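Structure first, then comments.
The values are calculated or read from the model by the stated rules, or taken from the named source; none is laboratory data. What you see is a predicted model; the values in this text were computed from it and never measured. All Cβ positions, glycine included, derive from the backbone under ideal geometry; neighbour counts span all protein chains shown. Calculation scope for accessible area: heavy atoms of the full protein, side chains included, ligands and nucleic acids excluded. Shrake-Rupley method; radii C 1.70, N 1.55, O 1.52, S 1.80 Å.
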Amino acid sequence: MKKIGVFGGTFNPIHNGHIYLAKSAYKLLNLDKVLVIPSGFSYQKSGENVLSKYIRADMVKLAIKDYPYLEYSDIEVKKEGNSYTYSTILDLKEEYLDALLYLIIGADTLFNIESWKNIETLLSNCILSVMQRDDHNKSEVIKMCNYLNVKYNSKAEIIDIEKIDISSTNIRNSIKKGNFTNDCNELPPNVYKYIIDNALYKG
């Protein structure tokens, strides 16, 4: 049976921390591939300066084009209305009938996951793979995973990775202030060029 990672996000913009997380999940979970899925409309981030889903999708395609095991999916971009992870997982289950789906999230997201729509449906249809970095208390992450597994009969597992301190919010703010140079390699070069060429996040 195939093992497919599902890595969704606003990706506003996608950065090398995202790429590192997806690559780590692919390797450590022994996945066949990882689907990288930009949200169409992220209802939980409606107050932020979120670019068009088509622009964010273009940046995702650029960022992952050199990694054959990372695959862009338009499953949320092509939909109208809010993006709900449970709906995406159900659609992917129909598309990949012979696969186990591994939903890849960061440890910070774990503690907010019960606020997601139809959480029971979501957790019963995928394996929750929590990428644990050293900036989170592991005992608290383990406790939360155990809590979810008991309450929802889910399969939440912890994957240890190194901390990569890159923030989309900080990148956007630095670009807006005019002092972002990408000297620290926070963005893939082609994504950085795309942002500069199209004058994104300027205000």
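Among the residues of the stretch 100-111, is there at least one that is within 22 Å of Asn198 (Cβ to Cβ) and outside any strand (DSSP E or B)? No, because not a single residue in the stretch 100-111 is within 22 Å of Asn198 (Cβ to Cβ) and outside any strand (DSSP E or B).
Starting from residues that are part of a loop (DSSP other than H, G, I, E, B) and buried (at least 17 other Cβ atoms within 10 Å of the Cβ), keep the ones in the stretch 115-142 and report whichever is modelled with the highest pLDDT. By that ranking, first place goes to Cys126. The residue that is farthest from Ser52 (Cα to Cα), among those in the stretch 170-203 that are open to solvent by 60 Å² or more (accessible area, probe 1.4 Å) and touching a residue at least 24 places away in the same chain (Cβ under 8 Å), is Asn185.
Taking the stretch 176-189 as the range and being farther than 15 Å from Phe11 by Cα and under 22 Å from the mean Cα position of the chain (by Cα) as the test, the residues that pass are Asn182, Cys184, Asn185, Pro189.
Would a scan of the stretch 18-41 turn up a residue that is part of a helix (DSSP H, G or I), in contact (Cβ under 8 Å) with a residue 12 or more places away in the chain and in contact with an Asp or Glu (Cβ under 7 Å, 6 or more places away or on another chain)? Looking through the stretch 18-41, none of the residues is part of a helix (DSSP H, G or I), in contact (Cβ under 8 Å) with a residue 12 or more places away in the chain and in contact with an Asp or Glu (Cβ under 7 Å, 6 or more places away or on another chain).
Among the conditions (1) outside any helix (DSSP H, G or I); (2) surrounded by 16 or more Cβ atoms within 10 Å (Cβ to Cβ); (3) of a type in the set (Phe, Trp, Tyr), the only one that Tyr86 does not satisfy is (1).
Of the residues screened, Ile75 is not one that is in a helix (DSSP H, G or I), under 28 Å from Asp98 (Cα atoms) and either at pLDDT below 95 or open to solvent by less than 50 Å² (accessible area, probe 1.4 Å) (or both).
Set side by side, the residues Ile175, Ile164 differ, and just one is aliphatic (A, V, I, L, M), at negative phi and not in a helix (DSSP H, G or I), which is Ile164. Out of the residues in the stretch 26-52 that are among the polar types (S, T, N, Q), farther than 18 Å from Met131 by Cα and exposed (fewer than 15 other Cβ atoms within 10 Å of the Cβ), state the one that is modelled with the highest pLDDT. Out of the qualifying residues, it is Ser52.
Screening Asn112 against (1) free of Cβ contacts under 8 Å to residues at least 60 places away in the same chain; (2) more than 18 Å from the chain's Cα centre (by Cα); (3) open to solvent by 20 Å² or more (accessible area, probe 1.4 Å) leaves a single unmet condition, (2).
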